[in-house]
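K.L.:
The structure's right below; bear with me while I get my questions together.
The values are calculated or read from the model by the stated rules, or taken from the named source; none is laboratory data. Model, not experiment: these values are computed from the prediction. Please note: Cβ atoms are built from the backbone with ideal geometry, for glycine as well, and neighbour counts cover all protein chains shown.
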Amino acid sequence: MYDYLVAGCGFAGAVLAERLASQLGKRCLVVDRRDHIGGNAYDEHDAAGVLVHRYGPHYFRTDSQRVIDYLGQFTEWHHVDYKVLSWSDGQFWQFPINLNTFEQLVGHPATSEEMQRALEEWRVPIDGPPRNSEEAVVSQVGWELYEKFFKNYTRKQWQRDPSELDASVCGRIPIRTNRDDRYLSERFQALPAEGYTKMFERMLGHPGIEVVLGKDYREVAAEVKFDQMIYTGPVDAYFDHCHGELPYRTLEFEPETIEREYFQPAMQVNYPNDHGFTRIVEIKHATGQKLPVTTIVREYPADYSLGKEPYYPVPCPASKSIYTRYAELARAEKGVTFVGRLARYRYYNMDQVVAMALKKFADIAAAAAAGA
Ligand SMILES: Cc1cc2nc3c(=O)[nH]c(=O)nc-3n(C[C@H](O)[C@H](O)[C@H](O)COP(=O)(O)OP(=O)(O)OC[C@H]3O[C@@H](n4cnc5c(N)ncnc54)[C@H](O)[C@@H]3O)c2cc1C
């Protein structure tokens, strides 16, 4: 008899299982259909000994001290400024757009004020907040930079024009008029020093937690007794797609090990306008691992169909209206807590999922205290 069956062993499931077991003394059975813990954040050493992120690069960053303190119980941190370049018109460009990119574009040294004046000239004014991703970019930097860096990258990634996608998709990428060339803006940017998987092992190491891998939660749910469930898988699958399938994008990863220390000048190079892949990631730049060989991964966006991995919820008006119907069902479902990226059908970063799981735990603990 378990207090909780936890479906999914990514951040959402692992944080809740850890809190429930360590703080409330609950017995948790965590089930994942994959053959490993960690969800999409899973990392492993490949045949050449390079620590790689199996499901695409996971750059941990956060502004939340609470999240840092919580995860810090299970890992030391390797601090890193994530650096990205974009390959376009036969050369590497600094990315995200910053003063260095502007200098590359105009071909001479410039100041922030000059860049601001130029952007003011190039930007396309819009009324009110941007309604889609095209507006989100052109209203800040105009058509030329939009086409150089954003338009085709987004089309490849989502197989939709940026004008069909929510403003948040491209709006998340900072545009700076100073020399800050870090990919991300959060104050804390670091990877777990020994990798994500080691951190998850420690989180799940509590004696009140059991883990079953390589099985669908439904199979296990039919065999064991439990009181409550935490569900972190796709919300449409939970309800047997009764309102239709939610759209997702999936990815295909093509790893290649190369017999030299580094392959490219940065951790990530984007290819908006060349090739079928969107980016080449060489995670060694970020992990800081010292090895004479390296592994790069080319990333190809692909159409999703049942049976593939649902990586990205598609943020557009049509999917929102389907999700609303599933969200209603989820709210009415007794004894099940829906938490995480797939259960909430929304692109959340890892720190946001940790924060969401900690909040859910606080609600559960408060309800338990009120009932006691
Ligand atoms: C390519 C890619 C790159 C990313 N990069 C970053 C990044 O750089 N920084 C960042 O902060 N975030 C990044 N993310 C987001 C990050 O992966 C998520 O925030 C995080 O994984 C969410 O955790 P989760 O537990 O909600 O979901 P997941 O990690 O997806 O875990 C859910 C688990 O549920 C399991 N599951 C589903 N259905 C069932 C079932 N029926 N039975 C049993 N198990 C089931 C799945 O196998 C999965 O392991 C990236 C995501 C992707 C796809």
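K.L.:
Just to verify a result, which residue in the stretch 327-341, among those that are small (Gly, Ala, Ser) and not in a helix (DSSP H, G or I), is farthest from the chain's Cα centre (by Cα)? Write out each step before concluding.
P.N.:
So the first thing to find is which residues in the stretch 327-341 are small (Gly, Ala, Ser), and the list is 327, 330, 332, 335, 340.
Those left that are additionally not in a helix (DSSP H, G or I): 335, 340.
Working: Gly335: 28, Gly340: 11 Å.
Here the answer is Gly335.
K.L.:
Still on this structure, I have one more. Tally up the residues in the stretch 24-75 that are over 21 Å from the mean Cα position of the chain (by Cα) and away from the ligand (no atom under 13 Å from the Cβ), please.
P.N.:
11
K.L.:
Can you name every residue in the stretch 98-129 that is in a helix (DSSP H, G or I) and under 17 Å from Glu147 (Cα atoms)? Working first, answer last.
P.N.:
Kept after step one, since they are in a helix (DSSP H, G or I), are these residues of the stretch 98-129: 99-106, 112-122.
Scanning the stretch 98-129 gives Thr101, Phe102, Gln104, Leu105, Val106, Ala118, Leu119, Glu121, Trp122.
K.L.:
Taking Ser22, is it hydroxyl-bearing (Ser, Thr, Tyr) and not assigned by TED's automatic domain parsing to the domain that holds Ala221?
P.N.:
So Ser22 fails the test.
K.L.:
Output the helices (runs of 4 or more DSSP H) that fall wholly within the stretch 169-288 and possess 2 or more residues being surrounded by 15 or more Cβ atoms within 10 Å (Cβ to Cβ) and assigned by TED's automatic domain parsing to the domain that holds Tyr70, or say none. Spell out the reasoning first.
P.N.:
Details: elements: 196-203, 217-221, 235-238, 284-287.
Passing ranges, in order: 196-203, 217-221, 235-238.
K.L.:
Also, quick follow-up: Is it true that some residue in the stretch 135-145 is surrounded by fewer than 13 Cβ atoms within 10 Å (Cβ to Cβ) and either touching a Phe, Trp or Tyr at 6+ places or on another chain (Cβ under 8 Å) or not acidic (Asp, Glu) (or both)? Can you show your working first?
P.N.:
The initial filter retains those residues of the stretch 135-145 that are surrounded by fewer than 13 Cβ atoms within 10 Å (Cβ to Cβ), namely 144.
So of that shortlist, the ones also either touching a Phe, Trp or Tyr at 6+ places or on another chain (Cβ under 8 Å) or not acidic (Asp, Glu) (or both) come out as 144.
Yes, there is a match, as at least one residue in the stretch 135-145 is surrounded by fewer than 13 Cβ atoms within 10 Å (Cβ to Cβ) and either touching a Phe, Trp or Tyr at 6+ places or on another chain (Cβ under 8 Å) or not acidic (Asp, Glu) (or both).
K.L.:
Can you run down the residue pairs with Cβ atoms below 8 Å, 6 or more apart or on separate chains, where the first is in the stretch 28-41 and assigned by TED's automatic domain parsing to the domain that holds Phe60 and the partner is of a type in the set (Asp, Glu) and more than 8 Å from the ligand (Cβ to nearest atom)?
P.N.:
Between residues of the stretch 28-41 that are assigned by TED's automatic domain parsing to the domain that holds Phe60 and residues that are of a type in the set (Asp, Glu) and more than 8 Å from the ligand (Cβ to nearest atom), the close pairs are Cys28/Asp3; Cys28/Glu210; Leu29/Glu210; Val30/Glu210; His36/Glu44; Ile37/Glu201.
K.L.:
Between residues in the stretch 56-83 that are in a loop (DSSP other than H, G, I, E, B) and residues that are away from the ligand (no atom under 15 Å from the Cβ) and not aliphatic (A, V, I, L, M), which pairs lie under 6 Å by C-beta distance while being six or more apart or on different chains?
P.N.:
What qualifies is Phe74/Arg202.
K.L.:
Considering only residues of the stretch 1-16 that are away from the ligand (no atom under 11 Å from the Cβ) and within 19 Å of Lys215 (Cβ to Cβ), which is farthest from the chain's Cα centre (by Cα)? Write out each step before concluding.
P.N.:
Let us first name the residues in the stretch 1-16 that are away from the ligand (no atom under 11 Å from the Cβ), namely 1-4.
Among the residues that remain, those that are also within 19 Å of Lys215 (Cβ to Cβ) are: 1-2, 4.
On the way: Met1: 34, Tyr2: 30, Tyr4: 26 Å.
In this case the residue turns out to be Met1.
Yes/no matrix, rows are residues, columns are (1) in contact with a helix residue (DSSP H, G or I) (Cβ under 9 Å, 6 or more places away or on another chain); (2) within 18 Å of Tyr347 (Cα to Cα):
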| position | (1), (2) |
| --- | --- |
| Val235 | yes, yes |
| Glu245 | yes, yes |
| Arg249 | yes, yes |
| Gln264 | yes, no |
| Asn270 | yes, no |
| Arg279 | yes, no |
| Pro292 | no, no |
| Ser305 | no, no |
| Ser319 | no, yes |
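K.L.:
Moving to a separate point now. Is it the case that the stretch 8-23 has a residue that's more than 22 Å from Asp351 (Cβ to Cβ) and touching a helix residue (DSSP H, G or I) at 6+ places or on another chain (Cβ under 7 Å)?
P.N.:
No, the stretch 8-23 contains no residue that is more than 22 Å from Asp351 (Cβ to Cβ) and touching a helix residue (DSSP H, G or I) at 6+ places or on another chain (Cβ under 7 Å).
K.L.:
Mind listing whichever residues of the stretch 52-84 are surrounded by fewer than 19 Cβ atoms within 10 Å (Cβ to Cβ) and hydrophobic (A, V, I, L, M, F, W, C)?
P.N.:
Ile68, Phe74, Trp77, Val80
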